[in-house]
Each structure stands twice: as structure tokens, then as C-alpha cells.
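One structure is given below, encoded as C-alpha cells.
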Amino acid sequence: MHAYTPAVLLVVALAAPAAAKVDDLPAFARRYLDRQVHAVLPSADAHGQPMTAPLTLRLVPSFARQTGFACSMCHYQFPQLTAFGRQFKLNGYTLTGLKNIEDKDKREKPTLSLLPFSPLSMMMIASATQLGTALPGTQNFTVSLPQQLGVLWAGAIANNLGTMSQVTWVPSSGTFAIDNVDVRYVGRGTIGESPVTWGVSFNNNPSTQDLWNTTPAWGYPFSSSAVAPSSLGSPLVAGGLAQRSVGVGVYALWNDLLYTEVAAYRSAIPTAAAPLDSSARNTISGFTPYWRVALQKSFGTQYLMVGTYGLAAKLFPTGIGGLTNDYTDLAFDAQHEMPLGDGHLVTRLSWTTESQTLSAAFAATPAVSANRTNSVNSLRLSSSWYPAQHAGLTVGFFSNGGTADTLLYAPGSVTGSAIGSPETTGASLEASYNLWENARLSVTYTMYSKFNGRDSNYDGSGRSASANNTLYLLWWFAF
């Protein structure tokens, strides 16, 4: 599975939407609307007229099927979450404008709370990829139909319990497999006079539970080609444990200001033998801790989040015992949102540094790493302008770097490095158009100034960095 799967947690369901009124929303949702609406929207429209309540609610509707509001309540454009979208996810995907099927016991304790429709939906991605130079021995302009085909279970399960879970068909194997899973239990209270929203998340990808679009699971690029070459030297937190681990974490948002989370992950590899044995690969030794801290604040019509997250993992490269390869990832991120014209500008920044102690790789026979200790660095910067709900333009910059290692990053056609370097830099430009809120066309051009250490003959087989420049056409829809 891919960490870049679009966040279709807030997509359409299979029943006709029912009208929902703001007065029917839980108190926490009404409070959030009252507080946040004026923090994310200008006080007047494009013609200088004051924003009225009906206009505000039209611009920020809620979760499509479950509440009866449109997708644009939670997204500037999918998967980029708005302030209310983050609140919806924080509160366990449970907000609803529908009357649930409910039951109580003799003591009036709730024993059942089911949505009156199936929370299942489907999504599909079709794509076409054109490289600057075709991969050796292959045809250029690869069409994938589908690139991904997913079935999602998204919405409230019971009072205070909800999920966004996905199963995706993998074309290369012709089978369905588990994709991102996030199941949440949420509670609300106060500390002194300050509100606190707290919860427990059960998930299978560190950062898939995150509220912002700066972390690896839901960060930009939101979708990318499955056939374009990938560079070396990615931090473990950037998908290295995705769909290969299961974690339980606790989180809290205090006073709509400070978000904190701690979690622990254990290997859960769907394709490996159970229980895990000597055939397993990259198995977690013990538990992998994951942490997240973020500060958020609205300043008039602008919003800012600054935060940090990371993990520390010990992995057995083969089997379930012996020497380990150790990884410590520390990331810093920020997200800024502001009105621009009739739309919004969203800027995302993430910088990750990873320290590696590769005891197992260094001591292997033959050795897999030339160094016992290495480092990897990753920078991601992107800015998206959404002039309207149906259109978007994104500019992105990326850079990977780290310690040179002639064994870990060995020469090899297309994917290798002639000098053992993971250094890769480049930029991307994406234009998207939504035919409807649940159907998108987009075109992305990615260009490389350096790939795996060089701008020319980077792999030792004569391939240049620009040969991997990628034109990526995408058609995405959900129903």
C-alpha cells in the first residue's frame, strides 16, 4: 500500500444525503463552528459585503453522507483538511446529522447506535505516466486502470467510536490488501475552564491518525505515479512501517491550542507467517514508540500550526532475533492557511532527520552497509492555492540527503547510486480540477535537478536525473 493514497475518509457514501441543520449538531460542533468560522474566513466577501451566517455555512459544510453536508465542509479540496475537517477527525469521525438506530438497556444505558445507512464507499484512481526517458527495455507512457481501487469503511460505529479504514486492490498481485486503518474512541471534558478533547487511536501506519497534511501519511504529493523511479534514503517514518505494524495511541487537544499524542507500534505483517518466524523481514523488536506535539492558533483570518513528531524503532532485518538496525526519526512541521482572493492559500513544511545505527547490516556476511552509523534528512515544502472549490494549483519542493554509503546505496540501473549517495532534489507543479466534489482530474509535472547523488550518470549506467522527470495524469473519483 502507499502512504500517498488520497484521504477519502470524507467521501461520499451509498445512501442519499439527508438535510442536517446546525441546530441539530452536538454542542461541541456548534461551539467549534461559532469559534472557527471567523478564524478561517474573511469578514467580508469579494464584493465587500459582510459575511452572513447562511453564506458561512454554505462555505463550510460538513461530512457528506453522515451529516448531509457537502465535502467542502472538511476539505479545501480533498485531501487537504479545513479547520472543521481536523475537528471532525479529532472527534473520531462520529459527528452526524442523521437519526441513528439506537437501543438502551433497563438502566437507560445506550447499547446500540448505528448509522441508518451503510458506511461503505468506493474509490478509484486511473493514471498515465510519461517519463523524461523510458526505463530500459520498457515502453513509455504507462496507463494504469486502475492504479488503485479501494473499498472504504468510514464513519461512526457507535457513540464516541468511529473509523476510516480502507482495503485496496493491488494491480501487481491482483489481490486486495489492507491499506490505512484508523479506529478511534473519543471523549470530551475540561481542565479547569479549558475544553479538552481526548481519544484513543488504533491504526496501522504511524502518522495516518494525524490531523494535518504535513505528515507522511497524508502529506503532499497526495498521489503519485506507481511506475516512476523512487529515490533512495527515505526516513522510516515516511511509510516504512505502513501496513506492517499495528499501534495504539492516546491523544488530546487542550483548549484548541495544544495537541499531544503518544503511541506504541508492534509488527503486524499481513503477508508474513503468523506468528512471525525466521521468514519475517524487518520485524520490530519489542515496541516502537511514536510521539506528536503541535501548537495551533488562529490570527484573525490566518491560521498557523507548528509541531514535531517522530519515532524510535529497532528492526530485525531477518527473522525475530539477533542484531538489529536502529532508527530514530525526529521531524518538525508547520502549516499555514490564509484567505487569498475568493479562495485560500495553504502552505505546508516538514523537515525530518533520521539517525541510523545499522549493527545488523554492518555485521552481515556479506555486509549490507559500509557504515555502522548513517543519517538521512528529508525536506518537503509545498503551497496550494485553492481559488475555488473546483480548482487548485500546487507548487512543491523536495530534498533528500544523508550519509554516503556505497553498499546501502550501491550502483544499479535506474534505482542505484554510482557514488553511494541518497541525495535527491527537485520540484513539482500540480494543477487540479474537480468536475464534482468527488471527482478530480489533475496533472503533475515533477522535475529533478539531482537524483541519488548526481545530475548525470547517477546510477553508473548512464541515466541522468532529468530522465526521471515525470508527467503524471490522474483521474480520481469516489462513490
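Quick look at the values:
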quantity: Checking GLY249 against (1) assigned to a strand (DSSP E or B); (2) in contact (Cβ under 8 Å) with a residue 60 or more places away in the chain; (3) buried (at least 20 other Cβ atoms within 10 Å of the Cβ), the condition it does not meet; calculated: (2)
quantity: Every residue from the stretch 78-133 that is hydroxyl-bearing (Ser, Thr, Tyr) and within 26 Å of MET338 (Cα to Cα); calculated: THR82, TYR93
quantity: Selection within the stretch 119-152 - more than 21 Å from TRP436 (Cβ to Cβ) and at pLDDT below 85; calculated: none
quantity: Positions within the stretch 345-379 being crowded, with 23+ Cβ neighbours inside 10 Å and under 24 Å from THR444 (Cβ atoms), in sequence order; calculated: VAL346, ARG348, SER350, THR352, SER378
quantity: Pick from the stretch 413-437, criterion closer than 30 Å to HIS390 by Cα and free of Cβ contacts under 8 Å to residues at least 60 places away in the same chain, ranking: surrounded by the most Cβ atoms within 10 Å (Cβ to Cβ); calculated: GLY426
quantity: Residue list for the stretch 160-179, restricted to those being modelled with pLDDT under 85 and among the small types (Gly, Ala, Ser); calculated: SER172, SER173, GLY174
quantity: Whichever residue in the stretch 401-412 is hydrophobic (A, V, I, L, M, F, W, C) and in contact (Cβ under 8 Å) with a residue 12 or more places away in the chain and, among such residues, is farthest from PRO317 (Cα to Cα); calculated: ALA404
quantity: Among the candidates SER127, SER113, residue that is touching a residue at least 60 places away in the same chain (Cβ under 8 Å) and among the hydroxyl-bearing types (Ser, Thr, Tyr); calculated: SER127
quantity: Members of the stretch 287-308 found to be outside any strand (DSSP E or B) and at pLDDT below 95, listed by number; calculated: GLY300, THR301
quantity: Top-ranked residue in the stretch 278-319 [being out of contact with any Asp or Glu (no Cβ under 8 Å at 6 or more places or on another chain) and among the basic types (Lys, Arg); ranked as surrounded by the most Cβ atoms within 10 Å (Cβ to Cβ)]; calculated: ARG281
quantity: From the options PHE398, PHE332, PHE362, residue that is of a type in the set (A, V, I, L, M, F, W, C), farther than 30 Å from GLY462 by Cβ, without any contact (Cβ under 8 Å) to a residue 60 or more places away in the chain and touching a Lys or Arg at 6+ places or on another chain (Cβ under 6 Å); calculated: PHE362
quantity: Yes/no for LEU98 being at pLDDT 85 or above, among the aliphatic types (A, V, I, L, M) and either surrounded by fewer than 23 Cβ atoms within 10 Å (Cβ to Cβ) or out of contact with any Phe, Trp or Tyr (no Cβ under 7 Å at 6 or more places or on another chain) (or both); calculated: no
quantity: Within the stretch 438-455, considering residues that are within 20 Å of ASN140 (Cα to Cα) and of a type outside the set (Val, Ile, Thr), the one surrounded by the fewest Cβ atoms within 10 Å (Cβ to Cβ); calculated: TYR445
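The values are calculated or read from the model by the stated rules, or taken from the named source; none is laboratory data. It should be emphasised that the depicted structure is a prediction, and the values quoted were computed from it without experimental measurement. Every residue, glycine as well, gets a Cβ built from its backbone with ideal geometry; the counts of neighbours run over all protein chains shown.
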